[in-house]
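Colleague: Let me give you the structure first, and then I'll get to my questions.
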Amino acid sequence: MDKKINIAIEKFMMMTEKIANAGKTPLNYGTDVLIYRSEIHIIKLIGDYADLHVSEIGRKFGVTKGAISQALKKLERKGLVEKYTDETNNAKLLVRLTDEGKKAYSNHEEYHNKYDKDIFSYLKGLDDSSLEMVLEFIEKTSEMAERHI
């Protein structure tokens, strides 16, 4: 049993390293600009949820409002997002995708549908108990990752 646990931990560590290293190389998502992994996931979040406040984006990613503001400035310079004042609260800024941002969002979705369909099929094939175990594992490893940050 200990050997299997060690194998599982080793495979998990290798996977997290691959993910971390993947974020260092920007990709083209059908726009005129290259987009880093962290940037495309902000774009995805904005595309998934209409009219997000800057602070909400920070909360969802677990980072400061300042960190998200810096990332959004880069995305604005790239022409992918735009900020605008919340009509119900002039002190808050909302964020939306530009046409180029929507293009990047769509291409990112297509990318995942193409390359990740095997994991989606695997998860859909799990019974409720097995899926609950996967979700619990992800939660526990996420907590572990937080301790290392």
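Colleague: Karplus couplings for segment 112-122 from phi (6.51 cos²θ - 1.76 cosθ + 1.60, θ = phi - 60°), rounded to Hz, Gly and Pro as x?
Modeller: 5, 4, 6, 8, 10, 4, 5, 6, 4, 5, 4
Colleague: Can I ask one more? Can you give the extra length, in nm with one decimal, that the chain gains between Arg77 and Lys124 once fully stretched, where that is 0.36 nm per residue apart less the Cα-Cα distance? Kindly include the intermediate steps, with their values, before the conclusion.
Modeller: Working: separation 47, 0.36 × 47 = 16.92 nm, distance 3.91 nm.
Once the chain is fully extended between Arg77 and Lys124, it gains 13.0 nm.
Colleague: Between beta-carbons, use under 11 Å as the cut-off and find the net charge around Tyr36, counting Lys and Arg +1, Asp and Glu -1. All intermediate terms of the calculation are to be shown ahead of the outcome.
Modeller: Details: positive: Lys24, Arg37, Lys74, Lys78; negative: Glu39.
Residues near Tyr36 contribute +3 overall.
Colleague: Under the classification rounded if a/c is under 1.5, otherwise prolate if a/b is larger than b/c and oblate if not, where does segment 5-67 fall, given a ≥ b ≥ c as square roots of the Cα gyration tensor eigenvalues?
Modeller: Oblate is the answer for segment 5-67, as a/c is 1.5 or above yet b/c matches or exceeds a/b.
Colleague: Let me ask something additional. Count charges around Leu94 for me, please; just the other residues with Cβ under 10 Å from its Cβ, Lys/Arg as +1, Asp/Glu as -1.
Modeller: Details: positive: Lys83, Lys92, Arg96; negative: Asp51, Glu56, Glu82, Asp86, Glu87.
Charge balance near Leu94 sits at -2.
Colleague: Can you list the HN-Hα couplings for segment 37-51, worked out from phi with the Karplus curve (6.51, -1.76, 1.60; θ = phi - 60°), rounded to whole Hz and with x for Gly and Pro?
Modeller: 4, 4, 5, 5, 6, 5, 4, 4, 4, 5, x, 6, 10, 6, 6
Colleague: Distance cut-off 28 Å, Cα to Cα: go down the list Lys18/Lys83; Lys3/Lys44; Lys65/Lys102; Lys44/Lys124; Lys74/Lys140; Lys4/Lys114 and report the pairs above it. Show your work: numbers first, answer last.
Modeller: Numbers: Lys18/Lys83 33 Å; Lys3/Lys44 38 Å; Lys65/Lys102 23 Å; Lys44/Lys124 22 Å; Lys74/Lys140 32 Å; Lys4/Lys114 31 Å.
Violating the 28 Å Cα-Cα cut-off are Lys18/Lys83; Lys3/Lys44; Lys74/Lys140; Lys4/Lys114.
Colleague: Simple spin-label model, 7 Å along Cα-to-Cβ: Arg59 to Phe137 in nm?
Modeller: Inter-label distance under the simple model: 3.1 nm.
Colleague: Let me ask something else about it. Of Gly125, Gly47, Gly101, which has the largest mean-square fluctuation in a 10 Å C-alpha GNM of the chain?
Modeller: Between Gly125, Gly47, Gly101, it is Gly125 that shows the largest mean-square fluctuation.
Colleague: Under a point spin-label approximation (7 Å from Cα along Cα-to-Cβ), what is the Asn113-Leu34 distance to one decimal in nm?
Modeller: Going by the 7 Å Cα→Cβ label model, 2.8 nm.
Colleague: For the chain, give the percent of accessible area contributed by carbon and sulfur heavy atoms, probe 1.4 Å, rounded to a whole number.
Modeller: 55 percent
Colleague: Go ahead and set up a Gaussian network model of the chain, Cα springs under 10 Å, then flag whichever of Asp128, Asp51, Asp116 fluctuates most.
Modeller: Fluctuation is largest for Asp128.
Colleague: Another question, then. What accessible area per residue, rounded to a whole number of Å², is obtained for the chain using a probe radius of 1.4 Å?
Modeller: On a per-residue basis, 73 Å².
The values are calculated or read from the model by the stated rules, or taken from the named source; none is laboratory data. Because the structure is predicted, anything quoted here is derived from the model rather than measured. Cβ atoms come from the backbone with ideal geometry, glycine included; neighbour counts cover every protein chain shown. What goes into the accessible areas is simple: the full protein's heavy atoms, side chains included, and nothing from ligands, DNA or RNA. Shrake-Rupley method; radii C 1.70, N 1.55, O 1.52, S 1.80 Å.
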